[in-house]
Each structure stands twice: as structure tokens, then as C-alpha cells.
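Undergrad: So that we are looking at the same thing, I have put the structure below in C-alpha cells.
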Amino acid sequence: MIGFGSETKGSGHPRPWGVTMEPVVPLTFEQARETVLRMVGSARRDVEGIAFTEAAGRVLAEDIAADRDSPAVARSVRDGYAVRAIDLPGDLQVIGEVRAGERFAAEVGPRQAVEIMTGAPIPAGADAVVMVEHTERGNGRVRIDGSAEPRQFINPRGCEARAGEVVLHAGARLDYSGVAMLAAFGRERVRVYTRPSAAIIPTGDEIVETGQAPEEFQIRNSNAWSLAAQVARAGGLARVLPVARDTEEHTREVVEAGLAADLLLLSGGVSAGKYDVVERVLAALGAEFFFDRVLIQPGQPLVFGRVRGKFFFGLPGNPASTMVTFEIFARAALERLGGQQEVALPMPYARLTREFRHRAGITRFLPARWSADGAEVTPVEWRGSGDIPAMTRANAYLVAEAERAEYPRGEWIRVLAK
């Protein structure tokens, strides 16, 4: 937690005008992310019951158990013939057929076979299935020249899940396979965590709305809408509030309105300038600051804390900084607020298609093109944190380690999907 006292931070990073804080060492990327996960992990979450047909993308608030064995009966996984393995190779009498959704009434005896379809129950007496491609059929008989192993192409009863076994755990986000599981085990209603809401507050006198024609010294409000899209992708409900102008009075008014949401996302106003008032306003509201600078690019002047029981992020105002810092920090907080237990940030390795250098000391997340097969990554030329066109040309970020300055062509480097 950041306290109050001196005019500058121990890192040499000056505080906004009028804000005094004790010296605090800036955090590394890993330290900052761990702080977010630790602080938000204990947040209270509400629960609601919904129909399973509306559950895609929601986070389970209860364990889901199988209501019966799956499969409920041993069944074939191939089209072919149900046989006794001991009878092969050989020429067998075909005594009938069985399809999915049927049960074969008789028993397979010595030198007998039953034609069987994928998904059909295994007839009594049979212990193997031979694929139809490996047989010759004629005159009510089937010739099989090869041998078969017992249980070949058979899924035994309960091999997928046993009755009462937990198949989906609380805290898991439901995808299409999870919805299928709910349907398969007859769960027409399910308890899920309510969607977390995020209030989005762009800040700055230079911002105009999207439909306006800006003056040369103005910019359109893009950050609010990129954040809204990211919030929705993370399973949250975005509420875009009016632009907070560069006065403490107006910023406080908008911030207080935003505190009705579960998470507060402010874009801009967190650097060290005279008119960067966000931290002053939050401090006046009694905020706890867990960190306010992270050794990353883009996005060093990132603020994370809690005020009146609600977590907030002060995201740097340049578009790339806003996008990156949400993705690597605020997204995790929003997912945790939504009840999600596993909050991963996969960063697999790919080979660089050309040499890359950067100044060591901070972790960089820079726009890149990741090959479709995931094997290679190419840095995208960009002009800094305000370069939205470069961000649209990228489909990933290459992740340059703080401890390493040079990467030759063909070297492995971490990649974060966009």
C-alpha cells in the first residue's frame, strides 16, 4: 500500500501536482500481476440461477456432477461388426444389426457377428468391434481375415465419467463444450456468478466524441470503446461514462458515478503532469494505492488500487498503453471479479523472423504478427503508444524480457495473443 509523505517517489518518478507519497519502488511486470491476482482474489461475488441455454461464457458458481455413467452402456466407436475376439480370424454368421438408439435383444455366440453402427450398444457376448473396411460381407456371413483385441473400438460403460463424478467445477468459464455437458447431464438450470460491471472513464480536455469533427489539437474518444470491447471479451458488462475533464471537481463527479460498478477503469490522467488529476481525486476519496508504476512498455504509469471497496485501474491514456495494460492486468481483475478461478496469461514461444533489440530494464509488449502455425513472430513497425494503425496491423504482442536486450533472428521469444 502506498502511504503519503514526500513529494517524489524513490524511483525518481515525480508525483502529480499536490500529491505527496512515500517513496515506493516501481514493480516489475510479474510483481504487478501477482499483486492484482492476490488483491482481487478475495473479492465478494454474487450468484444467480440461469437457464443452461444462456450459460455460454458465464462462470460456474457450483460444481456439476454426472447424473449417470457416461456412456451409460458400453458402445461402439466404429461402424463394423461386433464379434468375439477369440473367433478371429474367421468366417462368421451375421445374426442381425444394431444402430445407435437401439438395443440388440439376442446374444452373440461362437462364430457369430452383429453388424453395428457408431454409438450403438455392444451386444451381449461380443467383446470387440472390427471396422467394416476390414471385412467382406456376403450370403449372410462376414469374412474377417485379421485378429482383434478384446475391447477393440469399444468405449466401456462409465469410461468418460461415473455417476456422481464432478465434471465441471465452480469457477470455470463455460464454453460450448461446457454447455454440451450441462445438456448431456440434464442440467436445465445452473448457478453462475453475476457478470462483473466495469465503469469506463476516459479523461482529458483534448477528447471529443466519435461523431464530432476534432480540431487539430483534439482527438476522438477511442479508448473508451476499445476498453468496452475488451471488457465484453473478458465476460464483463461495460458502462461508458462521460469524459472526465481535467479538473478535480468534474473528475471526482464522474468517478463517484463510476463507483456503482464493480471495477473502475480510468484512461489517462495518471502521469506526472500539472493537469493529471486522477490520483489526486482518488486520494481525496480515501483510495488505497497498491502500485502506481510498473516497469513495462507501453504503460509504465499504471495505477491500481481500491476506493470505497471497489478496485480501480488508472490506465495510461495513449491507446496502445490502454489496450496493453488492460489485457495484462485489468482483464485478470475483471475475470476474478466474475468468479473465474484460473486466470491465465499464456505466452508461448515463437521464433523471430528478424533481429530485435530493446533497452533492457523493462518488459516490453510490442505489436507483432504471429504466424498462423504459431511458429514465427515478426515485429510490427510502430510509432509509439499512440499508433492505433500499428495495433490494428498486429495480431499479437512480442514480449521482450527485461533482463535481455538483444534477440538475433531465429531466436525464441515469448508471444502474447492479441
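Undergrad: What is the residue count in region 244-258 for residues that are surrounded by fewer than 16 Cβ atoms within 10 Å (Cβ to Cβ) and part of a loop (DSSP other than H, G, I, E, B)?
TA: Matching residues across region 244-258 total 1.
Undergrad: What number of residues within region 174-205 are aliphatic (A, V, I, L, M) and either more than 30 Å from LEU241 (Cα to Cα) or without any contact (Cβ under 8 Å) to a residue 60 or more places away in the chain (or both)?
TA: Count: 7.
Undergrad: So, one more: All but one of (1) within 30 Å of ALA55 (Cβ to Cβ); (2) surrounded by 24 or more Cβ atoms within 10 Å (Cβ to Cβ) hold for GLY235, so report the exception by its number.
TA: All conditions are met except number (2).
Undergrad: Being outside the structural domain of ALA228 (by TED's automatic domain parsing), buried (at least 22 other Cβ atoms within 10 Å of the Cβ) and not charged (D, E, K, R), is that true of even one residue in region 304-313?
TA: The answer is no; no qualifying residue exists.
Undergrad: If THR363 passes every condition in (1) at positive phi; (2) outside the structural domain of ALA260 (by TED's automatic domain parsing); (3) not aliphatic (A, V, I, L, M) but one, which one does it miss?
TA: Failed condition: (1).
Undergrad: Just checking, how many residues over region 57-75 are crowded, with 19+ Cβ neighbours inside 10 Å and touching an Asp or Glu at 6+ places or on another chain (Cβ under 7 Å)?
TA: Here the count works out to 2.
Undergrad: In region 159-183, how many residues are in contact with a helix residue (DSSP H, G or I) (Cβ under 7 Å, 6 or more places away or on another chain), closer than 16 Å to GLY57 by Cβ and assigned to a strand (DSSP E or B)?
TA: Adding up the residues that qualify gives 1.
Undergrad: Suppose we keep only residues that are touching a Phe, Trp or Tyr at 6+ places or on another chain (Cβ under 7 Å) and small (Gly, Ala, Ser) within region 333-352. Which one would you say is nearest to LEU237 (Cα to Cα)?
TA: Taking the candidates together, the pick is GLY338.
The values are calculated or read from the model by the stated rules, or taken from the named source; none is laboratory data. Fair warning: this is a prediction, and the values are worked out from it, not measured in the lab. No Cβ is skipped: glycine too gets one built from the backbone with ideal geometry, and neighbour counts run over all protein chains shown.
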